[in-house]
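The values are calculated or read from the model by the stated rules, or taken from the named source; none is laboratory data. Being a predicted model, the structure only gives us computed values, none of them experimental. Note that we place each Cβ from the backbone using ideal geometry, even for glycine, and neighbour counts take in every protein chain shown.
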Amino acid sequence: MPEWICERGIGETRFARIAQGAIVEARIELEGVVPAGTRLAATLVRTGSNGVARDQGGTEYLLPNGAPGVTEGAPIDIVVTRSAIPGVEPWKRPLAKVGSGGEAAPAPDAAADPLPPDWDDVIDEARSGIVRFAGGELRLSPTPAMTLIDVDGTLPARELAMAGARAAAAAVLRLDIGGSIGIDLPTIAGKAERQAVGESIDAILPKPFERTAMNGFGFVQIVRPRQRASLLELAADRASFEARALLRQAGREPAGSKRLVAHPAVIAVLEANPAWLTALGRQVGGSIALRADGALPMSGGYAEQV
């Protein structure tokens, strides 16, 4: 039976579901971001079908279904349904609904593992938006409206459509993609063949989700619950994404004082979060220094002993 592993890091907590030694499903929750499923006391600051509530820390939540019967300025209990999405659209409020408990836990039951799984391939997929499979590759592009997945390769059209659909469904789980998802597959003739492609997606993605039939142009749309940013969206906030990855990398190196060397934008994020550096210092048992190197790519940071 696949199992979830929890890895509490600096600035983030990673969850991975493991099957046959590999990550098949993942999520990353950021420090300071209230996760979906959390109940909060708030004040209603705007009524109507797109109401707004403000929690005690000043964060505003959009209420798509409003708050019937509650007047502006009144206290209200809310349950977060989608956490804040960092990066590309920072103006977007997290989503919530009126609620009074009994909600699902925001994170899966997971065991803390002294030997965390290998995240390298998953993180590289999130950075690049490229997922390779035998005979082809996917190119994933998050947009404000939906995540688009383009399938291309060298296999015959029917084989590529089947393999690409399976790879796309697996990538949706592995990169924690929710909301509206469009998959552009090779065009294939025949209703039965197109139905088989759709069924291959159904065999991989767990419910709940909705899916259109593959149309004559090879397009399939999927809609899944969206409770947080996907790994692709987290990676789009590139400097912060790479700063947290560098902290994780440095924390797994031999103990002692270290200097983190990285792109200036990554160093700026670390300088803005001194608590992260303090936590890393406790973890490695030494002091932490920083050095910016403009010749390094964003993902090229490293730690050196000092």
Notebook entry, point to check: Could you count how many residues in the stretch 10-29 are within 19 Å of Leu246 (Cα to Cα), of a type outside the set (Gly, Ala, Ser) and outside any strand (DSSP E or B)?
Noted result: 1
Note to self: Considering only residues that are out of contact with any Phe, Trp or Tyr (no Cβ under 6 Å at 6 or more places or on another chain), surrounded by 17 or more Cβ atoms within 10 Å (Cβ to Cβ) and closer than 13 Å to Arg27 by Cβ, which ones fall in the stretch 211-237?
What the structure shows: Arg226, Gln227, Arg228, Ala229, Ser230, Leu231, Leu232, Glu233
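Residue-wise test of (1) among the small types (Gly, Ala, Ser); (2) assigned by TED's automatic domain parsing to the domain that holds Leu247; (3) within 28 Å of Ala239 (Cβ to Cβ); (4) modelled with pLDDT of 90 or more.
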residue: Ser49; (1), (2), (3), (4): yes, no, no, no
residue: Val52; (1), (2), (3), (4): no, no, no, yes
residue: Tyr61; (1), (2), (3), (4): no, no, yes, yes
residue: Ile76; (1), (2), (3), (4): no, no, no, yes
residue: Val80; (1), (2), (3), (4): no, no, yes, yes
residue: Arg93; (1), (2), (3), (4): no, no, yes, no
residue: Pro108; (1), (2), (3), (4): no, no, no, no
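What do you reckon, is Ile18 under 30 Å from Ala272 (Cβ atoms) and either outside the structural domain of Pro274 (by TED's automatic domain parsing) or among the hydrophobic types (A, V, I, L, M, F, W, C) (or both)?
Working: under 30 Å from Ala272 (Cβ atoms): no; either outside the structural domain of Pro274 (by TED's automatic domain parsing) or among the hydrophobic types (A, V, I, L, M, F, W, C) (or both): yes.
Judged against the criteria, Ile18 is not a match.
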Next item on the list: Identify, from the list Leu247, Leu280, the residue that is more than 19 Å from the chain's Cα centre (by Cα), closer than 21 Å to Pro117 by Cα and not basic (Lys, Arg).
Entry: Leu280
Margin query: Pro208 - would you say it is under 21 Å from Ala170 (Cα atoms) and either in contact (Cβ under 8 Å) with a residue 24 or more places away in the chain or crowded, with 16+ Cβ neighbours inside 10 Å (or both)?
Written below: no
Item checked: Selection count where residues are over 23 Å from Ile23 (Cβ atoms) and either in contact with a helix residue (DSSP H, G or I) (Cβ under 7 Å, 6 or more places away or on another chain) or surrounded by 14 or more Cβ atoms within 10 Å (Cβ to Cβ) (or both), scope the stretch 122-147 -> 1
